[in-house]
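Visitor: Mind looking over this structure? Questions follow.
The values are calculated or read from the model by the stated rules, or taken from the named source; none is laboratory data. For clarity, every value in this text was computed on a predicted model and none was experimentally measured. Quick reminder, even Gly has a Cβ in these numbers, built from the backbone with ideal geometry, and neighbours come from all protein chains shown.
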Amino acid sequence: MSVRVKICGITGRADRDAAAAAGADALGFISGVPVETPRELTAGEAAALVDGVAPFVTSVLVTGPDSVQAAVTRQERVGADLLQVHGNLAPAEVGGLRERVGAGVVVAVDSESERVGAYAAAADALLVDSTTETGMGGTGETHDWERTGGISASVDVPVVLAGGLTPENVRAAVETVDPFAVDVASGVEQEPGEKNYDAVEAFVAGATREGVGQ
């Protein structure tokens with residue numbers, strides 16, 4: 001089965017629909033993160049975009065809550081299929097979050113975190129990213145794919161690879177890590193927060209072995 005693709009940082013209906021048409025399996029909507037980003041949406045804006053996601057495409061609320069309650073409240077307002085949390089929630093808090101939301105929980109971790117195993121036991125999936133000291137991703141920087149490949153092989157939950165992926169490097173990343181899915185935001189943009197549709201199509205094709213030479 002080919003790797004799945006998530007296009008993250010969707011900010012408008014045109015980008016949402018173009019990403020779905022290009023073959024994306026999941027679309028990420030960022031709301032409630034503690035860093036400045038041109039991809040930030042209010043809960044209402046995210047909910048409106050989630051409501052129009054095409055059938056059989058998974059909507060993902062991407063948030064950086066300071067508490068379990070904050071994540072629950074925002075998910076209740078947005079109503080996404082999956083909840084992806086960044087930041088510094090402890091594994092036990094992630095487990096508690098799973099019990100309180102009617103959606104799967106994906107937790108973002110750094111590839112060098114010593115708590116990868118604990119997070120894997122607490123969440124439905126791991127998103128391995130290049131993170132900052134705040135626990136947030138979206139740095140646009142790659143990390144050690146060999147290390148992430150080891151994580152993917154050692155945990156019992158799906159691993160999503162993120163961090164610095166582009167149409168040019170996604171095939172190599174997939175071959176090295178063998179992830180369940182890949183996640184991209186800035187790597188397919190023409191301007192911050194605005195997707196380049198040709199790049200989106202090329203990324204999906206490269207990740208799913210449909211590109212030239214595959």
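Visitor: Mind listing whichever residues of the range 116-127 are of a type in the set (A, V, I, L, M) and either surrounded by fewer than 18 Cβ atoms within 10 Å (Cβ to Cβ) or within 15 Å of the chain's Cα centre (by Cα) (or both)?
Guide: Once the filter is applied, which keeps residues that are of a type in the set (A, V, I, L, M) and either surrounded by fewer than 18 Cβ atoms within 10 Å (Cβ to Cβ) or within 15 Å of the chain's Cα centre (by Cα) (or both), the range 116-127 yields ALA118, ALA121, ALA123, ALA125, LEU126, LEU127.
Visitor: Looking at (1) modelled with pLDDT of 95 or more; (2) assigned to a loop (DSSP other than H, G, I, E, B); (3) not basic (Lys, Arg), find the lone condition where GLY135 falls short.
Guide: (1)
Visitor: If you don't mind, another one. Can you pull out every residue in the range 64-89 that is charged (D, E, K, R) and under 16 Å from the mean Cα position of the chain (by Cα)?
Guide: Answer for the range 64-89, where residues must be charged (D, E, K, R) and under 16 Å from the mean Cα position of the chain (by Cα): just ASP81.
Visitor: Tally up the residues in the range 150-192 that are surrounded by fewer than 21 Cβ atoms within 10 Å (Cβ to Cβ), in contact (Cβ under 8 Å) with a residue 60 or more places away in the chain and within 15 Å of the chain's Cα centre (by Cα), please.
Guide: 2
Visitor: Of all residues being touching a residue at least 12 places away in the same chain (Cβ under 8 Å) and out of contact with any helix residue (DSSP H, G or I) (no Cβ under 6 Å at 6 or more places or on another chain) in the range 91-114, which is nearest to GLN75 (Cα to Cα)? Just the residue, please.
Guide: ALA103
Visitor: Right, next: Would you confirm whether any residue within the range 28-41 is charged (D, E, K, R) and free of Cβ contacts under 8 Å to residues at least 24 places away in the same chain?
Guide: yes
Visitor: Could you grab me the full set of residues in the range 193-206 that are crowded, with 17+ Cβ neighbours inside 10 Å and either under 23 Å from ARG39 (Cα atoms) or not aliphatic (A, V, I, L, M) (or both)?
Guide: Listed by number, the residues that qualify are GLY193, LYS195, ASN196, ALA199, VAL200, GLU201, ALA202, PHE203, VAL204, GLY206.
Visitor: In the set GLU168, GLU194, which member is charged (D, E, K, R) and closer than 19 Å to ALA21 by Cα?
Guide: Within the list GLU168, GLU194, the selection yields GLU194.
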